[in-house]
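*Asks:* Please see the structure below; I have some questions.
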């Protein structure tokens, strides 16, 4: 694709509980709702699917859609169960973030009781990073 300027605009992250996920991404990470002032479910259900989108304040052009996959009525029950099993083991959703201060980000997020997967360490390539699980078991890596 020579000459094409592709940029990420949206990604979908599976969550168990929409309200819990929204509280985490809004209150812990500081993201804002795509539709300010609306309740998590107001106007955001499509064909029974529960979803809401948030955006990092430093990247307002990137939309992270938090979605409850078990509400996809068009998916066969076996597929919904497979997704639930992957989520239960923390193997489905992953997000990577960058920051100017990994240690400060770690301290802030850890103080909220979020599950720590890796404390800040210096990697062999010179990157300092840490990792957490969100309330739905999605893996979040933060690099400096």
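*Asks:* Please rank 108, 72, fewest neighbouring Cβ atoms within 10 Å first, as an exposure proxy.
*Replies:* 108, 72
*Asks:* Of the candidates 76, 120, 60, which one comes out as most mobile in a Gaussian network treatment of the chain with C-alpha springs shorter than 10 Å?
*Replies:* Of the options given, 76 has the highest mean-square fluctuation.
*Asks:* What is the angle, in °, between the Cα long axis of helix 102-111 and the longest principal axis of the Cα atoms in the chain? Nearest 10 is fine, range 0 to 90.
*Replies:* It works out to around 50 degrees.
*Asks:* Let me ask something else. If the viscosity is 1.002 mPa s and the temperature 20 °C, what translational diffusion coefficient in µm²/s does Stokes-Einstein give for the chain when Rh comes from Kirkwood over Cα pairs?
*Replies:* 131
*Asks:* In what sequence do 115, 67 fall when counting other Cβ within 10 Å, fewest first?
*Replies:* Ranking 115, 67 by Cβ neighbours within 10 Å, fewest first, gives 115, 67.
*Asks:* Something else now. Counting DSSP beta bridges with both partners in the chain, what percentage is antiparallel, nearest 5?
*Replies:* About 65 percent, rounded to the nearest 5.
*Asks:* Going by C-beta contacts inside 10 Å, put 9, 70 in order with the fewest on the left.
*Replies:* By the 10 Å Cβ count, ascending, the order reads 9, 70.
Every number in this text was worked out from the coordinates using simple rules, so none of it is lab data. These numbers were taken from a predicted model, which means no experiment stands behind them. When we count neighbours, we look across all protein chains shown, and the Cβ atoms used for this are built from the backbone with ideal geometry, even at glycine.
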